[in-house]
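Just so it is clear, none of the values below were taken in a lab; they were calculated from the coordinates. Keep in mind the model is a prediction, meaning the values are calculated, not measured. A quick note on method: Cβ atoms are made from the backbone with ideal geometry, for glycine too, and the neighbour counts reach across all protein chains shown.
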Amino acid sequence: MADLSLNVSEVSISGATLLATPLLNKVTAFSMAERRAFGLEGLLPSTLETIDQQCERAYGAFRACADNLEKYIYLRALQDDNEINQVSILPSLIVLPKANSTLSMFITC
């Protein structure tokens, strides 16, 4: 089993401020204990997901985009809201030939 202690970060923000910080916002991956500790109760959907489940959902939404412009807009919105998922799905995009031009646009902007 992986050593999860390597993934622990101490932060001095909570509530809406924490959710407005894309590098720290895990959205539905915050556990119930984390939601209580960080004052997030009532600010998030009741659903609990892992980061992997969120990434699968985000990747599915990306693949459902009709064209490269829509994919670019989706990636920009994902980066603005949740940098954790955005960084996690980028390796998957590199192997998709159709996504490469979208990825190139995304990286250069």
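Need the full-extension length gain, residue 59 to residue 31, defined as separation in residues times 0.36 nm minus the C-alpha distance. One decimal, nm. Mind dumping the intermediate values first?
Numbers: separation 28, 0.36 × 28 = 10.08 nm, distance 2.21 nm.
Going from the current span to full extension adds 7.9 nm.
Provide the FRET efficiency to the nearest 0.05 for the residue 67-residue 10 pair, computing r from the beta carbons and using R0 = 41 Å.
In this case the efficiency is close to 0.45.
What does the highest-first list of 38-47, 65-74 look like by mean Cβ count within 10 Å?
Ranking, from highest mean packing down: 65-74, 38-47.
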